[in-house]
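Read through the structure below, which is laid out as structure tokens, and then see the notes.
Please treat every number below as a calculation from the coordinates, not as lab data. What you see is a predicted model; the values in this text were computed from it and never measured. Reconstructed Cβ throughout: ideal geometry from the backbone, glycine too, with neighbour counts over all protein chains shown.
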Amino acid sequence: GKDLEQNPSAVLARSAELGVPTLSSNLPDGSHPEILRSVVKQAGTLKVGFIGLVAARDPSAAKDADDDEAEDHPAKEQELDLLPVNETARTLAERLRRDEGVQLVVALSGLRPQVNSRLAEAGVVDIVLGGTDPNLEAGRIVIIDKSAMLSTHPDGREVGHTTIAIRDGNLQMVDLSPMASLPAETEAMQKQLDSIAERFGTSDLKALAPLVAPGNEDEFLRRFSRIEEDREFIRSHQDYQGSYIAHVPAALPPTPADHPVVKALARQGEAIEALYARLKRPIPPPPEGTPVIPTADDCRACHAAQVPFWETTAHAQAFAHL
């Protein structure tokens, strides 16, 4: 929305160059003939309709164009004349279902979380994807009745993969996103707990909490008591045959050698040498011997209480995730 407001011609030119349509449904008809109000795609036997919803982002505006319920106060004039979000989404969704035979309506959102929630609660569309809040947990799904809200980082700062399976026409979808990582995470957590239990001679969580995490017993109990709950989720969903949705991060493709960032990193050594030369200082020699990266066990002798607590945190699993 911000880019369209500031430089519509540049956005449209870039879209044409990439072969990617510009989708903005709450612009009045005829505002920009190159901008699409809806797109329909066939995915197997499922026909999916996409609409795009943007909001004015002028911080001085007293009335947000994405807030149907806000009072109409004087505000700085916007270059984009936007239509009300809920009304636009409802009208387009009904037309797509009635005239195009669309079975699933997806709103690509450039709106605030509160407005996304109202769209989902009203059942106007089946899926709301995106938003403007950079603080929301990426990959998060909230299912309200038969509508799902999928959070992403705004402005294209995240790559993700959304999978939707509709069985027997049932749009009541279960969130299976945890199945992408939960089995491995649960196994890692169990190994941690087994190691702690062996060290302290008990597997009772309430007995372990004050020994392993004094002052943080509640966090310790919360973290490790979820193991069985997560295992039950895995058991009940590993052979799930109903409709589902999954929204998980996706790996970026390998960066080619001629990528600008790779080239810049390759010049890093020369840049550091040039800096020292300009400052007329000698470059520090590298440390003697083979560099050693300490492990948690190297810290345990002096930090007997801290290391077991650290092992209960997500940081301790960083290498496994990498």
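Decide, for segment 231-310, between rounded, prolate and oblate: order the square roots of the alpha carbon gyration tensor eigenvalues as a ≥ b ≥ c, take rounded if a/c falls under 1.5, and otherwise choose prolate if a/b is larger than b/c, else oblate. Oblate is the answer for segment 231-310, as a/c is 1.5 or above yet b/c matches or exceeds a/b.
Find how much the distance from Leu221 to His259 grows on full extension, using 0.36 nm per residue of separation minus their present alpha carbon separation; answer in nm with one decimal.
Gain in length upon complete extension: 9.0 nm.
In terms of the mean number of neighbouring beta-carbon atoms within 10 Å, the peptides 122-128, 49-55 order highest first as 49-55, 122-128. Taking θ as phi - 60° and the Karplus parameters 6.51, -1.76 and 1.60, the scalar couplings of segment 280-295 work out to 6, 10, x, 6, x, x, x, x, 6, x, 8, x, 10, 8, x, 10 Hz in sequence order, x denoting glycine and proline. Applying 1/(1 + (r/R0)^6) with R0 = 56 Å to the Cβ-Cβ distance of Ala304 and Lys280 gives a FRET efficiency near 0.70. Reducing segment 172-188 and segment 86-134 to their Cα centroids gives an inter-centroid distance of 26 Å. Between Arg95 and Arg231, the C-beta separation translates, for a Förster distance of 41 Å, into a calculated FRET efficiency of about 0.35.
Rounded to the nearest 5, the antiparallel percentage of DSSP beta bridges internal to segment 83-172 is 40%.
Here the Karplus curve 6.51 cos²θ - 1.76 cosθ + 1.60, taken at θ = phi - 60°, turns the phi angles of segment 302-316 into couplings of 9, 10, 4, 7, 6, 4, x, 5, 4, 5, 8, 9, 5, 4, 5 Hz, with x standing for Gly and Pro.
Shape of segment 163-217 from its Cα gyration tensor (a ≥ b ≥ c, root eigenvalues): rounded if a/c is under 1.5, otherwise prolate when a/b > b/c, or oblate? Judged from the Cα gyration tensor, segment 163-217 comes out prolate (a/c at least 1.5, a/b above b/c). Can you tell me how segment 169-300 classifies by the Cα gyration tensor, rounded, prolate or oblate, using a/c under 1.5 as the rounded cut? Cα axes put segment 169-300 in the oblate bin. A simple spin-label model places pseudo-atoms 7 Å from Cα toward Cβ; at Gln268 and Val39 they are separated by 3.6 nm. Here the simple spin-label model places points 7 Å from the Cα toward Cβ, and for Lys191 and Val248 these points are separated by 1.8 nm.
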